[in-house]
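As structure tokens, the structure follows; a few thoughts come after it.
The values are calculated or read from the model by the stated rules, or taken from the named source; none is laboratory data. Because the structure is a prediction, the values reported are computed rather than measured. Here Cβ is always computed from backbone atoms with ideal geometry, including for glycine, and neighbour counts include all displayed protein chains. Side chains included, ligands, DNA and RNA excluded: accessible areas come from the protein's heavy atoms. Shrake-Rupley method; radii C 1.70, N 1.55, O 1.52, S 1.80 Å.
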Number of protein chains: 2
Amino acid sequence: MTSSTVSTAIAATATPPDSPAVVFADVEAAARRLAGKAVVTPLLPVPALEAQLGARVFVKPEVLQRTGSFKFRGAYNKLAQLSTEERKRGVVAFSSGNHAQGVAAAAQLFGAPAVIVMPSDAPDIKVANTRGYGAEVVLYDRDREDREAIARGFTQARGMTLVPPFDDPAIIAGQGTVGLEIARQADTAGAKLDLALTCCGGGGLTAGTALALKTLSPATQIHAVEPAGFDDTCRSLLAGERLANAPGRKSFCDALLSPMPGALTFPLNRSLLAGALAVTDAEVAAAMAFAFRTLKLVVEPGGAVALAALLSGKLPVQGKTVAVILSGGNVDWSTFQQALSSAGA
Amino acid sequence: MTSSTVSTAIAATATPPDSPAVVFADVEAAARRLAGKAVVTPLLPVPALEAQLGARVFVKPEVLQRTGSFKFRGAYNKLAQLSTEERKRGVVAFSSGNHAQGVAAAAQLFGAPAVIVMPSDAPDIKVANTRGYGAEVVLYDRDREDREAIARGFTQARGMTLVPPFDDPAIIAGQGTVGLEIARQADTAGAKLDLALTCCGGGGLTAGTALALKTLSPATQIHAVEPAGFDDTCRSLLAGERLANAPGRKSFCDALLSPMPGALTFPLNRSLLAGALAVTDAEVAAAMAFAFRTLKLVVEPGGAVALAALLSGKLPVQGKTVAVILSGGNVDWSTFQQALSSAGA
């Protein structure tokens with residue numbers, strides 16, 4: 001596990017992009033498409049943290065979502081908008097595992113063929129589940145091969161539609177239904193959210209959620225949380241432009257290792273986020289152990305970064321009401337054991 | 001882990017008891033008291049089981065309940081009905097751990113002192129959490145001391161009110177809100193439940209849930225599930241009278257080791273249940289592993305018996321719609337590791 005510096009950024013601008021890739025109505029339309037297909041995951045109170053942090057905390061466990069992560073939402077929203085002919089030819093995606101499962105499960109529901117290009121070091125559970133949803137899995141070497149080129153091969157040879165992991169309006173709108181649900185559920189619980197923390201890789205969940213939350217609850221300050229060494233969104237917000245992660249970094253947050261913010265997601269996040277911050281693998285492991293002990297939820301490393309930011313005290317939360325997204329739970333038993341043991345569970 | 005015979009019983013009679021300890025209106029009243037205090041746990045679909053079992057399956061994860069098990073419901077409902085004076089003198093309970101936490105957390109919310117009598121071999125997490133809710137924990141030797149006598153000492157010396165673990169109308173009605181929620185949530189999901197499986201120790205959750213479910217969904221067949229060696233409800237249903245478990249049996253389902261059905265719970269269960277069955281510790285461990293891998297939920301041994309009954313194929317479920325209660329998730333990491341390793345996770 002790496003332990004590197006941790007930084008916090010405040011977005012340089014609150015100006016919305018000139019022609020945003022996604023607007024709130026797109027998120028509402030996605031919610032209608034997902035009704036009865038995606039799980040409306042609960043917004044669970046965590047009374048144990050009231051004494052510990054002096055904050056009212058809710059978690060949004062997307063680990064309980066179909067396929068074990070929020071990724072099903074965007075994938076289903078994308079496939080729902082393809083033509084019958086396009087669905088017949090099928091879809092192709094590249095993903096370390098959660099988007100893979102989301103696309104595979106959505107394709108299965110639509111009866112569409114799916115090819116998923118996955119790194120050969122993806123967690124076994126993610127590869128097995130993706131195959132379990134009926135997809136054809138093509139493994140590639142993360143260090144030597146170009147997954148986008150492999151995926152393009154399938155779009156050209158078989159006329160398949162590429163389903164991008166985050167930089168696509170339908171994907172962003174679908175992931176935004178997480179934020180839509182949080183806003184409505186907080187309202188039902190009589191809670192006014194001061195803060196919301198999202199796990200951030202390429203920024204699709206973050207952008208969609210921020211769009212929905214800022215529309216319905218403008219006072220909520222939204223922070224993206226990334227693994228240390230993969231804090232591209234954090235540094236990009238500070239710089240005001242998209243920056244890539246330095247090569248050769250390692251993190252066990254396999255779901256959040258995308259190289260740089262998206263061309264569509266970054267302008268949205270730049271205008272909507274209050275900031276971004278990074279957490280170490282050790283902080284993530286401690287959050288996974290907390291989720292096991294107190295929340296009774298299985299959270300994968302990448303799904304625990306937002307909770308890690310809360311628990312490690314990186315943001316002042318006393319007296320505040322906070323929502324934290326737990327974005328996924330697809331973790332191999334061996335990795336889970338290592339993480340909890342390292343956290344002294 | 002023990003591996004003993006497994007039996008299924010069909011209740012000998014459908015005649016309700018002459019004057020039942022609890023009626024449906026009591027469950028409705030409990031639900032009103034619990035509103036905003038207990039978590040309305042979701043009823044989650046498990047699409048992965050549709051292909052595997054040919055059944056539509058929902059789980060009711062009470063692991064997400066306040067204190068990590070359904071026990072908070074009954075305890076809070078009981079304390080809500082005490083007088084201010086009674087609450088001031090406080091409450092006493094004996095429990096291996098989940099009822100302990102439920103009573104301690106409810107007492108804390110009411111500002112009432114609580115003494116909890118727990119076996120010295122209770123899981124560490126249960127003892128620590130009970131103390132964490134501000135209760136005074138008194139440990140006793142399970143083999144040599146009489147926990148009820150110790151508890152009676154506190155009722156006499158300090159005027160405390162005993163909060164029984166299951167054989168009390170307010171406790172049964174509180175636990176029954178699990179069944180009330182299942183019936184309403186299944187209705188919202190457009191599901192007609194053919195079967196419901198509940199975890200069964202002393203029978204409070206089972207009786208309350210069966211009462212609510214049979215009232216709102218009379219066609220649902222409800223089965224109690226017990227650990228092998230502690231199948232007192234199963235054998236009592238067959239015999240038509242309350243029978244105790246043989247001494248000296250062992251099971252790692254620490255939450256379900258009560259000696260015999262309750263005087264109040266048994267008549268209700270006899271008139272409401274379609275049957276009861278038992279599962280081995282190995283089947284329970286396999287269910288815990290399934291919950292980890294597929295449901296992303298941490299389920300303790302006693303909380304996994306109903307799921308174990310479903311997964312081990314002990315009931316014909318093809319073409320049926322089934323609800324399964326996961327009653328608690330308070331399990332030490334060491335026990336969890338052993339269970340999942342033994343199940344080949």
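Details
- Residue in region B:86-105 that is within 14 Å of chain A (Cβ to nearest Cβ), at positive phi and touching a Phe, Trp or Tyr at 6+ places or on another chain (Cβ under 8 Å) present: no
- In region B:300-326, the residues that are in the same structural domain as B:PHE58 (by TED's automatic domain parsing) and among the polar types (S, T, N, Q) form Cβ pairs under 7 Å with partners that are open to solvent by 10 Å² or more (accessible area, probe 1.4 Å) and in a strand (DSSP E or B), at six or more places apart or across chains, as follows: B:THR321/B:ARG56.
- The single residue among B:ALA112, B:ALA80 that is more than 14 Å from chain A (Cβ to nearest Cβ), without any contact (Cβ under 8 Å) to a residue 40 or more places away in the chain and surrounded by fewer than 24 Cβ atoms within 10 Å (Cβ to Cβ) turns out to be B:ALA112.
- Some residue of region B:299-307 being closer than 16 Å to B:THR335 by Cβ, within 17 Å of the chain's Cα centre (by Cα) and assigned to a loop (DSSP other than H, G, I, E, B): yes
- For region A:274-298, a residue qualifies if it is open to solvent by 10 Å² or more (accessible area, probe 1.4 Å) and more than 14 Å from every other protein chain (Cβ to nearest Cβ), and the qualifying residues are A:ALA274, A:THR280, A:ALA282, A:GLU283.
- Contact annotation: residue pairs with Cβ atoms under 9 Å, 6 or more positions apart or on different chains, pairing a residue in region B:193-215 that is part of a strand (DSSP E or B) with a partner that is among the basic types (Lys, Arg), are B:LEU195/B:LYS320; B:ALA196/B:LYS60.
- Pick from region B:26-42, criterion of a type in the set (D, E, K, R) and part of a helix (DSSP H, G or I), ranking: nearest to B:GLN318 (Cα to Cα): B:GLU28
- Of all residues in region B:312-335 being over 15 Å from B:THR206 (Cα atoms) and surrounded by 22 or more Cβ atoms within 10 Å (Cβ to Cβ), the one that is nearest to the other protein chains (Cβ to nearest Cβ): B:GLY329
- Hits in region B:262-299 - residues which are charged (D, E, K, R), more than 18 Å from B:LEU243 (Cα to Cα) and in contact (Cβ under 8 Å) with a residue 12 or more places away in the chain: B:ASP281, B:GLU283, B:ARG293
- Region A:43-73, subset open to solvent by 10 Å² or more (accessible area, probe 1.4 Å), assigned to a helix (DSSP H, G or I) and touching a Leu at 6+ places or on another chain (Cβ under 8 Å), residue nearest to A:ALA308 (Cα to Cα): A:LEU53
- Taken over region A:39-72, the criterion of being of a type in the set (A, V, I, L, M), more than 9 Å from chain B (Cβ to nearest Cβ) and more than 18 Å from B:LEU297 (Cβ to Cβ) is satisfied by A:LEU49, A:LEU53, A:ALA55, A:VAL57.
- Residue check for A:ALA207: open to solvent by less than 10 Å² (accessible area, probe 1.4 Å), on the phi < 0 side of the Ramachandran plot and among the hydrophobic types (A, V, I, L, M, F, W, C): yes
- Residue check for B:THR41: assigned by TED's automatic domain parsing to the domain that holds B:ALA274, modelled with pLDDT of 95 or more and of a type in the set (Ser, Thr, Tyr): yes
- Test: residue in region A:156-173 that is free of Cβ contacts under 8 Å to residues at least 24 places away in the same chain, among the hydrophobic types (A, V, I, L, M, F, W, C) and under 27 Å from A:ALA100 (Cβ atoms): yes
- Count - residues of region B:326-342 that are part of a helix (DSSP H, G or I) and either of a type in the set (A, V, I, L, M, F, W, C) or within 27 Å of B:VAL178 (Cα to Cα) (or both): 5
- Only one of the numbered conditions (1) within 14 Å of chain A (Cβ to nearest Cβ); (2) open to solvent by less than 20 Å² (accessible area, probe 1.4 Å); (3) in a loop (DSSP other than H, G, I, E, B) is not met by B:ALA122, and that is (1).
- The residues of region B:115-155 that are without any contact (Cβ under 8 Å) to a residue 40 or more places away in the chain and either in the same structural domain as B:ASP254 (by TED's automatic domain parsing) or closer than 22 Å to A:GLU50 by Cα (or both), listed by number, are B:VAL127, B:ALA128, B:THR130, B:ARG131, B:GLY132, B:GLY134, B:ALA135, B:GLU136.
- The single residue among B:SER271, B:SER258 that is part of a helix (DSSP H, G or I) and hydroxyl-bearing (Ser, Thr, Tyr) turns out to be B:SER271.
- Qualifying residue in region B:103-124 (condition: farther than 28 Å from A:ALA345 by Cα, among the acidic types (Asp, Glu) and modelled with pLDDT under 95): no
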